[in-house]
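Peer 1: I have a structure here, written as structure tokens, and I will follow up with some questions on it.
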Amino acid sequence: MTAAGVMTAGKGAAPSRIFVPVLIFAPCLLVYLVFFVWPQLSLLAVSAFDRGQVSAAHYIRFFSDEYYWELLGRTLFLGVSVTLITLILGVPVAYVIARMRSRYAALLLVLTTFPLLVSAVVRSFGWMVLFFRDGVVSNLLLALGLIDQPMQLMYTLTGVIIALAQVLLPLMVLTLHGVFKSIDPDLEHAAMSLGAPPWLALWLVTLRLAPGGIIAGSLLVFSLAISAFATPALVGGARANVMATTIYEQTIELLDWPFASALSAILLVFVLLISLLYAKALDRRSAGEAAS
Amino acid sequence: MGLDRVSRRQFVSGLAALGSLPLLPTGAAAAQDFAGRSLISSGFGGSTMDIIQKAVFDPFDKATGARSTQVPMQSAAALARLKSEAGNPQIDMYQFSGGQEDVAKKEGLIQPLTAVSQLDDIPVGLRDPDGSWVAWAVIAEGILYRKDKIKEPPRSYRDFLKPEYKGHIAFPAITNGYGVDFLVMLARAFGGGEDNIEPGFEAMKKIKGETIFKAASDLPSLFGQGDIWIIPYDSGNAFKLQTSGLPVGFATPEEGSPAVNITAVVAKGAKNADVANAAIDYMLRPEAQIEIARQMRWTASNPKTKLPADLAAEVPDVSQLAKLNRALINEQRAQWIERWNREIAR
């Protein structure tokens, strides 16, 4: 409806040079304002009130309690660990698929993304079956002689990290694949013809040309990891609380909406901050290398 | 439809087993006509919701011409939904299992039941003195244990501290209603209670290293793959586990089985409040309550319900259940959760 209105308006008025882009953006902007900015702001507003008065009480409660600092720390640790694991596992997969000349390359890429078609809840349930003390992981490690007592990854932060890394790996591979694909293989060949062994060529040429993809993939995985709810709730249980599960608890179980919205605001600010710093650091490094 | 036929047949057999014909016309004469009307209620989800649909709502629809739908949500989420839609409810009727009706009444989110003819038959304590809510079923809590690992059925909540069960115990987090009740019953077992929770925390600290879970959906895995032998939960879930083939027994502790009320309320300003009232009245009928007892082992709240002998042996009577002071618990719950998160889950 909005789009149609905008189009007829554009036809009637003489389209000026500045007016056209504004008109093109208007529907998107409107939707964005109504369905994202406004709810976001009203959510933040809730956190600034305490019993009808403007107050910072909910923020003071958070920052003056080491329990919540620990919660925030655990959440960020979860995000960083998952990002590192997906990066380490994702780079080789994405690189190999991107450089593959076989006609099965496309099929492999589709297979990589296949887990995305299954909901995170279902995949987390799968991990639950594996993680219990009498489950596959514990029994396998016992049989291999790597552990001498049954162990349980269920309801631990380690379990959440492993499960989330698996849930988010396809996103990392997809992002990196696009970037590797766009880097000319001849550059690697040139490096090798000048005497670099393949691993050095990969390090000096390909990875140095891919910071954009690494930033994009890491940010995507990091922000999804620290805001993930289903996997920490199912696999982590009561002991591996993170910000997302605590926000749920405050909203649904305790009906303390102001504190819950303060938690969301704090999470949002930390994500933005870390993302900006990370992007800046990687950018500066690659810029510095290009200059030298 | 075929399903309707099954539930009708089960009803008839239930009545036959009952052998008391005078119960048949209960309320039948007062059947109202709600043709073309609809009723939306919250439901507990999963097989529980399906069983309630077939045992209560489907026959109610058939008798009155209404169309009832249940929307799955857990009690806490249901209360949050009721609160967020205050004044303009999209859901007419709510079902709670965690004492949320108290909060809902206090916050003025529900309206008194005006047309539930059997309300006065329900004992005090299972209905609000002001008629704001009524318990249409009661769940007995107790101790679930693996019969093949624990030969002697557990007798008391103190058994959770037995050294021979170490490493094989699981209990629900305090955000789960059964988790709160476990804490209170531990306190009672060690000389405290709702007004003195200290002994409960003391006892729970001794088993804080054991498995803690959040949702009933973890129960089959805990007993099946988790190497867990003993969990405080309820008779309804014990029955579900037994039906799925796990060797799980249910023991009534000597401190008593805490009772969980399954309540029904009508949202304030509900568009179909009259239909909701009639549906709640239907839920209180003995024939509906027998069906619920048969399929889920939930205790009937209407004393006029006479269970057939085979069922009566497996479902505790409402008079055998220990009543917890829910108002007192609800008051302190937020504080207990804060403390629990720091002292037990960490």
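The values are calculated or read from the model by the stated rules, or taken from the named source; none is laboratory data. Quick caveat: nothing in here was measured; it's all calculated off a predicted structure. Cβ coordinates were reconstructed from backbone atoms using ideal geometry, including for glycine residues, and neighbour counts include every protein chain displayed. Side chains are part of the model used for accessible areas, which takes the heavy atoms of the whole protein and leaves out ligands, DNA and RNA. Shrake-Rupley method; radii C 1.70, N 1.55, O 1.52, S 1.80 Å.
Peer 1: Any idea which residue in the stretch B:142-160 is farthest from the other protein chains (Cβ to nearest Cβ), counting only those that are in a strand (DSSP E or B) and not hydroxyl-bearing (Ser, Thr, Tyr)?
Peer 2: Applying the filter and picking the extreme gives B:GLY142.
Peer 1: Kindly indicate the residue of the stretch A:141-155 that is within 13 Å of another protein chain (Cβ to nearest Cβ) and open to solvent by 40 Å² or more (accessible area, probe 1.4 Å) and also nearest to B:ARG346 (Cα to Cα) among those meeting that condition.
Peer 2: A:GLN152
So that you can scan it fast, the table gives a plain yes or no per residue for (1) within 14 Å of chain B (Cβ to nearest Cβ); (2) part of a helix (DSSP H, G or I); (3) more than 16 Å from A:ALA98 (Cα to Cα):
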position	(1), (2), (3)
A:LEU171	no, yes, no
A:LEU202	no, yes, no
A:GLY217	no, yes, no
A:PHE222	no, yes, yes
A:ARG239	yes, no, yes
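Peer 1: Same structure, new question: Name every residue in the stretch A:58-91 that is open to solvent by 30 Å² or more (accessible area, probe 1.4 Å), closer than 12 Å to A:LEU263 by Cα and more than 14 Å from chain B (Cβ to nearest Cβ), in order of residue number.
Peer 2: A:TYR59, A:ILE60, A:PHE63
Peer 1: Take the conditions away from chain A (no Cβ under 14 Å) and either surrounded by fewer than 20 Cβ atoms within 10 Å (Cβ to Cβ) or without any contact (Cβ under 8 Å) to a residue 40 or more places away in the chain (or both) and apply them to B:SER244. Does it pass?
Peer 2: yes
Peer 1: Now, a different point. Looking at the stretch A:27-57 only, could you name the residues that are hydroxyl-bearing (Ser, Thr, Tyr), surrounded by 14 or more Cβ atoms within 10 Å (Cβ to Cβ) and assigned to a helix (DSSP H, G or I)?
Peer 2: Of everything in the stretch A:27-57, just one residue is hydroxyl-bearing (Ser, Thr, Tyr), surrounded by 14 or more Cβ atoms within 10 Å (Cβ to Cβ) and assigned to a helix (DSSP H, G or I), namely A:SER47.
Peer 1: Looking only at the stretch A:250-278, how many residues end up being within 14 Å of chain B (Cβ to nearest Cβ) and open to solvent by less than 10 Å² (accessible area, probe 1.4 Å)?
Peer 2: Qualifying residue count for the region: 5.
Peer 1: Let me ask something additional. So, restricting to strands (runs of 3 or more DSSP E) that lie completely within the stretch B:161-236, which ones have at least 3 residues that are more than 12 Å from every other protein chain (Cβ to nearest Cβ) and open to solvent by 30 Å² or more (accessible area, probe 1.4 Å)?
Peer 2: none
Peer 1: Any chance you could count how many residues in the stretch A:220-232 are buried (at least 22 other Cβ atoms within 10 Å of the Cβ) and either over 23 Å from A:GLY135 (Cβ atoms) or hydrophobic (A, V, I, L, M, F, W, C) (or both)?
Peer 2: Number satisfying all stated conditions: 5.
Peer 1: Restricting the first residue to the stretch B:113-128 and requiring it to be farther than 16 Å from B:THR299 by Cα, which pairs with a second residue that is aromatic (Phe, Trp, Tyr) and not in a helix (DSSP H, G or I) meet a Cβ separation below 8 Å and a spacing of at least six or different chains?
Peer 2: From residues that are farther than 16 Å from B:THR299 by Cα, the pairs are B:LEU113/B:TRP133.
Peer 1: Continuing with this model, one more query. Would you check which residues across the stretch B:297-309 are surrounded by fewer than 21 Cβ atoms within 10 Å (Cβ to Cβ) and in contact (Cβ under 8 Å) with a residue 24 or more places away in the chain and list them?
Peer 2: Answer for the stretch B:297-309, where residues must be surrounded by fewer than 21 Cβ atoms within 10 Å (Cβ to Cβ) and in contact (Cβ under 8 Å) with a residue 24 or more places away in the chain: B:PRO303, B:LYS304, B:LYS306, B:PRO308.
Peer 1: Just one of the numbered conditions (1) of a type in the set (Val, Ile, Thr); (2) under 24 Å from A:ALA216 (Cβ atoms); (3) modelled with pLDDT of 90 or more is not true of A:ILE60; which one?
Peer 2: The single condition A:ILE60 does not satisfy is (2).
Peer 1: Here is a check on your reading of the model: is A:LEU224 at pLDDT below 90 and closer than 30 Å to B:LYS83 by Cα?
Peer 2: no
Peer 1: Yes or no: the stretch B:273-283 includes at least one residue that is part of a strand (DSSP E or B) and open to solvent by 20 Å² or more (accessible area, probe 1.4 Å).
Peer 2: no
Peer 1: Something else now. A:VAL160 - would you say it is open to solvent by 40 Å² or more (accessible area, probe 1.4 Å), assigned to a helix (DSSP H, G or I), within 26 Å of A:ASN241 (Cα to Cα) and within 14 Å of another protein chain (Cβ to nearest Cβ)?
Peer 2: No.
Peer 1: On to the next question. Scanning the stretch B:41-83 for residues that are free of Cβ contacts under 8 Å to residues at least 40 places away in the same chain and farther than 29 Å from A:TYR248 by Cα, which turns out farthest from the other protein chains (Cβ to nearest Cβ)?
Peer 2: Taking the candidates together, the pick is B:GLY65.
Peer 1: Any residue in the stretch A:61-72 that's within 12 Å of A:THR246 (Cα to Cα): show its pairings with residues that are open to solvent by 20 Å² or more (accessible area, probe 1.4 Å) at Cβ separation under 7 Å, as long as the two are six or more apart or on different chains.
Peer 2: Final answer for the pair search is A:TYR67/B:ARG342; A:LEU72/A:PHE270.
Peer 1: Kindly indicate which of B:ALA86, B:ALA104 is open to solvent by less than 30 Å² (accessible area, probe 1.4 Å), out of contact with any Cys (no Cβ under 8 Å at 6 or more places or on another chain) and either free of Cβ contacts under 8 Å to residues at least 60 places away in the same chain or among the hydrophobic types (A, V, I, L, M, F, W, C) (or both).
Peer 2: Step by step, each of B:ALA86, B:ALA104 is checked, and only B:ALA104 is open to solvent by less than 30 Å² (accessible area, probe 1.4 Å), out of contact with any Cys (no Cβ under 8 Å at 6 or more places or on another chain) and either free of Cβ contacts under 8 Å to residues at least 60 places away in the same chain or among the hydrophobic types (A, V, I, L, M, F, W, C) (or both).
Peer 1: Show the residue pairs that are 6+ apart or on different chains and have beta-carbon atoms under 6 Å apart, the first residue being within the stretch A:144-161 and assigned by TED's automatic domain parsing to the domain that holds A:GLY126, the second being surrounded by 14 or more Cβ atoms within 10 Å (Cβ to Cβ) and in a loop (DSSP other than H, G, I, E, B).
Peer 2: A:PRO150/A:ARG133; A:GLN152/A:ARG133; A:MET154/A:PHE132; A:TYR155/A:GLY237; A:TYR155/A:ARG239; A:LEU157/A:ALA240; A:GLY159/A:LEU153; A:VAL160/A:ALA240
Peer 1: Do the conditions hold for A:THR113, that is, is it part of a helix (DSSP H, G or I), surrounded by fewer than 16 Cβ atoms within 10 Å (Cβ to Cβ) and polar (S, T, N, Q)? Give the derivation first.
Peer 2: Details: part of a helix (DSSP H, G or I): yes; surrounded by fewer than 16 Cβ atoms within 10 Å (Cβ to Cβ): yes; polar (S, T, N, Q): yes.
Criteria met by A:THR113.
Peer 1: Let me ask something additional. Which residues, counting only those in the stretch B:120-141, are part of a loop (DSSP other than H, G, I, E, B), over 13 Å from B:ASP102 (Cβ atoms) and not hydrophobic (A, V, I, L, M, F, W, C)? Walk me through how you get there before you give the answer.
Peer 2: Start the filter on the stretch B:120-141 by keeping residues that are part of a loop (DSSP other than H, G, I, E, B), which leaves B:122-126, B:128-133.
Now drop any that are not over 13 Å from B:ASP102 (Cβ atoms), which leaves B:122-124, B:126, B:131.
Listed by number, the residues that qualify are B:PRO123, B:GLY131.
Peer 1: Let me ask something else about it. Would you point out the residue of the stretch B:247-259, among those that are open to solvent by 30 Å² or more (accessible area, probe 1.4 Å) and under 16 Å from B:LYS162 (Cβ atoms), that is nearest to the other protein chains (Cβ to nearest Cβ)?
Peer 2: Once the filter is applied, the top-ranked residue is B:GLU255.
Peer 1: Quick one: in the stretch A:180-200, of everything that is closer than 17 Å to A:ALA94 by Cβ and assigned to a loop (DSSP other than H, G, I, E, B), which residue is least open to solvent (accessible area, probe 1.4 Å)?
Peer 2: Looking at residues that are closer than 17 Å to A:ALA94 by Cβ and assigned to a loop (DSSP other than H, G, I, E, B), I get A:ILE183.
Peer 1: Quick check on A:GLY213: is it crowded, with 21+ Cβ neighbours inside 10 Å, away from chain B (no Cβ under 14 Å) and modelled with pLDDT of 90 or more?
Peer 2: Judged against the criteria, A:GLY213 is not a match.
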